[in-house]
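FYI, it's all coordinate maths here, none of it is from the lab. All of these numbers come straight from a predicted model, not from anything done at the bench. Heads up, the Cβs are rebuilt from the backbone with ideal geometry, glycines too, and the neighbour counts pull from every protein chain shown.
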Amino acid sequence: MRFLLSKGLPLDVAEEAAQPAWTRGWERIDQLRDEEFLRTWVNAFALNMYRHLARVDGRKQPVHDRTGEDNLNTAAIDLARLLKFCSASDRRLLLHQMYGLTTTEIAREVDASEAAVPIRLMRALRPRPVPI
């Protein structure tokens, strides 16, 4: 790790590259011919590991937080899709609710009992398969 730090790498990057380098060196210890070169040998692994990590990180693209940026009204899109695929009576019922009518007013408009309105609304909002 000191080798990578001496190259000017940040501590977290050096640690991230050094640990797999030592692991790889240990896995291939039987390939080491001269023990005097152990440090150089492991440093070569560490440098190659850092280069690999730098290549991989270079391909990553940051994910930007886009909340509130476009002001996209997804509720309106969902509502338009729901209204498009529901029956005319369900559409009328949902529009009355959307415009803020009370259960009593909706019942009067659609000629139903007040007890039936919440049940019909629940059924109208039930997910349906969307045609392709």
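A compact table of results
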{"item": "Nitroxide proxy distance, nm - points 7 Å out along Cα→Cβ at residue 88 and residue 104", "result": "3.0"}
{"item": "Under the Karplus curve 6.51 cos²θ - 1.76 cosθ + 1.60, θ = phi - 60°, whole-Hz ³J(HN,Hα) for segment 25-30, x wherever Gly or Pro sits", "result": "x, 5, 5, 10, 4, 5"}
{"item": "Protection-proxy order for peptides 30-42, 80-92, 105-117, each taking the mean of Cβ atoms within 10 Å per residue, highest first", "result": "105-117, 80-92, 30-42"}
